[in-house]
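Input: a single structure, listed below in structure tokens.
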Amino acid sequence: MRNTKISLQPKTLWHFAVSFILTLSLKILLTSLPVKAAFDTSTIYKIVNKNSGKVLDVANMSTADGANVQQWTSWSGGTNQEWQIVDAGSGYYKFINRNSGKALDVYNMSTADGTNLHQWSSWSGTNQQWQLVAAGSGPDSNGIYVAANGSASNPGTIDRPTTLTMALTKVAAGGTIYMLGGTYSYSSTITIARDNSGSSGGRKKIFAYGSEKPVLDFSSQSFGSANRGLQIFGHYWHVKGVRVTGAGDNGIFIGGNNNIIENVETDHNRDSGLQISRYDSSLTNMSDWPSNNLILNSYS
């Protein structure tokens, strides 16, 4: 039998890639009945816990609102263990129990760890909406999270994201800045200074969070050779999964050493999308010129 490993994410708060709260943390497999080659909203699924091998079950085959959702040994004909995944829009889904027709629901719209799951009549509540995220891409408790609407006064957790510019001043060597999806609008260049560097054993990283698509939009910049988007003058940075657009000059300018640009899109910038060059044109000593920078699976 072919299994597709996923994790569930309620829209209200949880960006946990491998946690599933049933008063305990569960890492799950999604097993279709019958098995299909890809995720299909018309298919009935059982949700199987990787640790226990047991399935997500509505207690006592109840059809009532508030009936507990638990794990139980899989059995043939148990429609209370079967779920249809329904598109809720914007990349989120509902899990509808085949027996009751009710939705998997986080009790009382709570955002707290340990909150129980039950079933409830389907409605527009975000506590019934889940996102499917590739397992292994969940939150890093040591990461700094940023959002397009983040606040510089926030601590940079996934539920209270900070700004990218603030995160750049806080991230330590070996640390990661996770960019949540959305459009980050800027009118001036974001510069990673020469003295803001990682190390050979611990790069500083700017990664798109999971499968989300952050966009750095500099379209409010005027045309001009100094109006770049993201400038990387530091060393040992790794930028992955972001899009940079609209800059008045280069989308990304690299003047440092030993940096990695991966799965990055630079489009509709008013000079080359990505440029590697001296961070100061007056530098004549080649030892000061950028070297050992790697561009992977990116386009400009």
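Values in this text are rule-based calculations from the coordinates and carry no lab data. Owing to the predicted nature of the structure, the values given are computational and were not obtained by experimental measurement. Heads up, the Cβs are rebuilt from the backbone with ideal geometry, glycines too, and the neighbour counts pull from every protein chain shown.
Treat the count of other C-beta atoms within 10 Å as a stand-in for reagent exposure and order MET166, MET61, MET179, MET286 from fewest to most. It would help to have the intermediate numbers written out before the result.
Values: MET166 19, MET61 14, MET179 28, MET286 8.
Placing the least packed residue first, the sequence is MET286, MET61, MET166, MET179.
Would you please give the residues with an amide H less than 5 Å from that of GLY273, counting only those at least 5 places away or on a separate chain, with H modeled from the backbone geometry?
GLY251
Can you give me the distance in nm between label points at SER124 and SER110, each placed 7 Å from the Cα along the Cα-to-Cβ direction?
Roughly 2.6 nm, to one decimal.
What FRET efficiency, computed as 1/(1 + (r/R0)^6) with R0 = 25 Å and r the Cβ-Cβ distance, is obtained for ASP267 and SER211, rounded to the nearest 0.05?
The calculated FRET efficiency here is 0.80.
Estimate the FRET efficiency between ASN257 and SER151 by the formula 1/(1 + (r/R0)^6), using the beta-carbon distance for r and 30 Å for R0, to the nearest 0.05. Mind dumping the intermediate values first?
On the way: r = 33 Å, r/R0 = 1.11.
Efficiency, from the Cβ-Cβ distance: 0.35.
Rounded to the nearest 0.05, what FRET efficiency is calculated for TYR299 and ASN142 with R0 set to 30 Å and r the Cβ-Cβ distance? Mind showing how you got there, number by number?
Values: r = 31 Å, r/R0 = 1.03.
Rounded to the nearest 0.05, the efficiency is 0.45.
When DSSP assigns beta bridges and you keep just the ones with both residues in the range 144-296, what percent turn out antiparallel, to the nearest 5? Write out the running numbers ahead of the final one.
On the way: 1 of 38 bridges.
DSSP beta bridges in the range 144-296 are roughly 5 percent antiparallel.
Taking LYS170 as the anchor, which aspartates and glutamates have their alpha carbon closer than 15 Å to its alpha carbon, excluding any fewer than eight residues away along the same chain?
Excluding near neighbours in sequence, the set is ASP195.
Would you mind computing, in nm to one decimal, how far apart the modelled labels at LEU283 and SER220 are, each placed 7 Å from Cα along Cα→Cβ?
3.1
How large is the charge dipole for the range 170-283, taken about the Cα centre, if only the Cβ atoms of Lys, Arg (+1) and Asp, Glu (-1) carry charge, to the nearest 20 debye?
300
I'd like to compare 229-240, 75-86, 119-130: which one has the highest average count of other Cβ atoms within 10 Å, and what's the full order after that?
So the peptides 229-240, 75-86, 119-130, ranked by packing, come out 229-240, 119-130, 75-86.
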